[in-house]
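Data block below; observations after.
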Amino acid sequence: MVVPHGARGARLVTALRTWALRHAMGRLRITDDIVRHLSTFQRLGETLEVQLPGELLPVGARTVFRAVRTRAAAQLGVDWVWPHWLERQLDPRSPAFTPRGHLPVLANVTNRNWTMVGNLGSSREAIVDPRGLLTPWFDGWSLDWWVGAADGWHFPSREASVDQRLVAGRPVVETTMPVPGGEAVERLYAIRAEEELVVVEVTNRSPAPLTLALAVRPYNPEGLAVVERIGVAGNTVTVDGRPALLLPGRPAGLAGSTFEQGDVVRTVVAGRAGNEIPESLRCEVGLAQAAFVFPLGQDAVLRAAVPLVPPTRTRRRGLTRRRVKRAVRLSAPLPTSDTVVGGWRNPLERGLRLELPPGSVADAVEANRAFLLLFHDGDEVTPGPYTYHRFWFRDAAYLLAALDRYGFHSEATQVLRSYPRRQHHDGFFFSQRQEWDANGAALWAIAEHWRLTRDADLVRELAPAVARGVQWIERKRHSKRRRKDPALNGLMPASISAEHLGPFDYYYWDNFWSLRGLIDGAALLSVAGDEEAAAQALQWAEAFRTDLDTSVALAVERLGLDAPIIPAGPRRRVDPALIGSLVACSPLGLLPPDDPAIHATAEAVRRRFCFGPAFFQGISHTGYGTYLTLQLAFVELAAGDPRALERLQWMVEAAMPTFTWPEAIHPRLGGGCMGDGHHGWAAADFLSLVRSLLVREVEGGLILCSMLPDEWHGKALGVRDAPTHSGLLSFTVDGQEGRRALSWDLAPHPGTGPVRITAPGLDPTWSSSEPSGRVVLPHEREAGGSPARPVPLES
């Protein structure tokens, strides 16, 4: 047998694959003209060097099958109480109404917003939608809360006025629904008892008694879930053989139903809830439901609990009974929400603390410091609690940088220590196939941790993995010898990599990250004492930079533009994906903000793809990008462009009341339209941007207060224990009798030379190389005129 090589062999394999596909489709009466849609789709990007990563196939299959099932059930279940997003997309009176036409699918594309609750150090989080619907398990059932009052039943997913917030800025989600004379209040929060639980706390803040129904629902914020069986054993409710809901006592009424019998809500509203549900409540179409009704007197509080970590599904009744026996009993009172809020105080008193003027930015920072710790899942860090609850090196780079910048070094260290076991023998840091930016992202994250902590012991521990990762980058960019296009020479292979950039192609994103990986790898190897390997890595980096510069120059020449805009790749036009090229400036620092190419690329992004302050990503996301808008803001901040503040303000205004963001935002509705509804990358970038406004590293020094929002001027500011590349920094800005005083203290890293400190947002003329001091700054109207005068450091 002759094995084909090179481009001819790849074309032969593609031709054979296409023939086999057409033959199979023909047997299904899918004609050749239909198959051509698929075969030509495959040619939209580079197809000869890559295949779809296998890790994405289960994700895609789950998404499609769930959406098909959701559409079928929703159009038949017209009398059902659906989740808030589905109620709106089905309602022709709602701005979120979504026609389905011939499409066989129905998915949440208008309100992908939720808030996670969880325990520190745990790998599990539950999510809460904007109406208080709790989804404890991935792709599983949800717990809704319905309230009966004198004027009838109130369903949060249908009510016109439901408010939601965090309690004291902690991961305790409060949802408030009006009832006659007052309100019903639900609080959801996680605790650790004998096992991890989410507590459901409902309070009657009205002058009249209420009726509460806790409803097990076969859906979640993504679509329908599969719930085939519901059972009750004592005070424990099981869903598909798994303990799912721990009740505080015997309900006053129980009701259960299947899809064929209709929504259980009819039984509850009619007051026909009985003393039990059928012992073998089973729904063949996987849409079983149940409701548990409790009286709730004036000022009364009810607490139930949901296990956060589910066992596997089972149809075995004996195993179900054993699980129920082992389930937690609510014999002791559950902790109150106020107790849990207080328990967050100590974890958040360490690390970087920002003392900001009261307002939405300060509130969002405090909330997201807590959320950042929840994104940390032991030896993993994940960019979402639900849709994206898995590890990627790309997302981890941004999340770990935020953890380190905010002083949560032990959490970052725990994740970085896992990197060697995530690495293949050939040196590839693996989280997804054909993710060619992974090695650069991994090496940059390790190096950034070193720059902020000077943890040489960790660097020495990781040095063998670093050396293999560096070598892999050099081999990988030379792995294809058949490239006839000189713009592809020395580049990483084609991939989907950062999937928001488009289909399979050669992306400068991968190459900028890989080049940074070689540079940072050299620095790490030098710290570890391997100067020979460090010198080799720098030599490879220089050659790589030459190849990359040549490719970009050829791409710009082919575009025939007046400005040197860096496209997403050497074969791409000026499209929204070129925002990915801005990583060369921030966070990677390969090009300065005043580089003509960075300036031109940023200007192209603003002029062509921004609507107001927000960047619209027309590729994949088809919405306003949250972290992508901040990508532009970081570059503008580095360039001293005040438009960075406009993007920060947009980000804060676009947040949910719980200060969370989805991956992308619907341009007209303001709800999430893509990705995880509580997006970790977006949260990390928000925190990093606020930190960078107040302190950021530049070559040879630190910049304090680069630029400040108008509402911060003239008000006190404080930064406590900020890790920087130069050392641990604290400073305050206060006012006395109309003056502004800046006090700072830098504990430099060992061996660090003089550090030049400036504060252009306070006084562009002032600088100091003293590690500590205090200066009185001119009035704001005088800033830029006379320099600040030093005063003695107060004891």
Check: Inside region 64-83, can you point out the residues that are part of a helix (DSSP H, G or I), closer than 18 Å to residue 674 by Cα and in contact with a Leu (Cβ under 7 Å, 6 or more places away or on another chain)?
Finding: 66, 67, 70
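Can you tell me which residue among 628, 632, 591 is part of a loop (DSSP other than H, G, I, E, B) and of a type outside the set (Ser, Thr, Tyr)? Explain how you work it out, then say what you get.
Values: 628 fails: part of a loop (DSSP other than H, G, I, E, B); 632 fails: part of a loop (DSSP other than H, G, I, E, B).
It is 591.
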Margin query: Restricting to region 349-387, name every residue that is under 21 Å from residue 728 (Cα atoms), surrounded by fewer than 23 Cβ atoms within 10 Å (Cβ to Cβ) and of a type in the set (D, E, K, R).
Written below: 349, 350, 353, 355, 366
Item checked: Number of the condition not met by residue 412 [criteria: (1) touching a helix residue (DSSP H, G or I) at 6+ places or on another chain (Cβ under 9 Å); (2) assigned to a loop (DSSP other than H, G, I, E, B)] -> (2)
Notebook entry, point to check: So which residues in region 205-261 are open to solvent by 40 Å² or more (accessible area, probe 1.4 Å) and either part of a strand (DSSP E or B) or polar (S, T, N, Q) (or both)?
Noted result: 205, 211, 229, 232, 233, 235, 261
Item checked: Residues of region 650-672 classified as open to solvent by less than 10 Å² (accessible area, probe 1.4 Å) and free of Cβ contacts under 8 Å to residues at least 40 places away in the same chain, total -> 2
Item checked: Subset tally (residues that are open to solvent by 10 Å² or more (accessible area, probe 1.4 Å) and among the aromatic types (Phe, Trp, Tyr)) for region 395-433 -> 3
Check: In region 625-649, what residues are under 16 Å from residue 682 (Cα atoms) and touching a His at 6+ places or on another chain (Cβ under 8 Å)?
Finding: 625, 626, 627, 628
Note to self: Among the residues in region 156-171, are any of a type in the set (S, T, N, Q) and either more than 29 Å from residue 259 (Cβ to Cβ) or without any contact (Cβ under 8 Å) to a residue 24 or more places away in the chain (or both)?
What the structure shows: yes
Check: Can we say residue 412 is at pLDDT 95 or above, on the phi < 0 side of the Ramachandran plot and in contact with a strand residue (DSSP E or B) (Cβ under 9 Å, 6 or more places away or on another chain)?
Finding: yes
Checklist line | Checklist (1) modelled with pLDDT of 95 or more; (2) of a type in the set (A, V, I, L, M); (3) open to solvent by 10 Å² or more (accessible area, probe 1.4 Å) applied to residue 200, failing item | finding: (3)
Next item on the list: Just give me the residues in region 129-173 being of a type in the set (Ser, Thr, Tyr), open to solvent by 10 Å² or more (accessible area, probe 1.4 Å) and touching a Ser or Thr at 6+ places or on another chain (Cβ under 8 Å), in sequence order.
Entry: none
Notebook entry, point to check: Within the set of pairs 6 or more residues apart or between chains, which connect a residue that is over 18 Å from residue 263 (Cα atoms) inside region 218-235 to a residue that is among the polar types (S, T, N, Q) and assigned to a strand (DSSP E or B) with Cβ atoms less than 9 Å apart?
Noted result: 221/135; 221/142; 222/135; 232/238
Next item on the list: Please identify the pairs in which a residue from region 345-372 that is among the charged types (D, E, K, R) has its Cβ atom under 6 Å from the Cβ atom of a residue that is open to solvent by 20 Å² or more (accessible area, probe 1.4 Å) and not in a loop (DSSP other than H, G, I, E, B), counting only partners at least 6 apart or on another chain.
Entry: 353/720
Margin query: Regarding region 92-103, can at least one residue be identified that is within 14 Å of residue 224 (Cβ to Cβ) and either among the hydroxyl-bearing types (Ser, Thr, Tyr) or under 28 Å from the mean Cα position of the chain (by Cα) (or both)?
Written below: no
Notebook entry, point to check: In this structure, does residue 126 turn out to be open to solvent by less than 10 Å² (accessible area, probe 1.4 Å) and either on the phi > 0 side of the Ramachandran plot or assigned to a strand (DSSP E or B) (or both)?
Noted result: yes
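Which ones in region 161-200 are among the acidic types (Asp, Glu) and assigned to a loop (DSSP other than H, G, I, E, B)?
The answer is 194, 195.
The values are calculated or read from the model by the stated rules, or taken from the named source; none is laboratory data. All values derive from a computational prediction rather than experimental measurement. Backbone-built Cβ (ideal geometry, glycine too); neighbour counts: all protein chains shown. We work out accessible area using only protein heavy atoms, side chains counted, and drop any ligands, DNA or RNA first. Shrake-Rupley method; radii C 1.70, N 1.55, O 1.52, S 1.80 Å.
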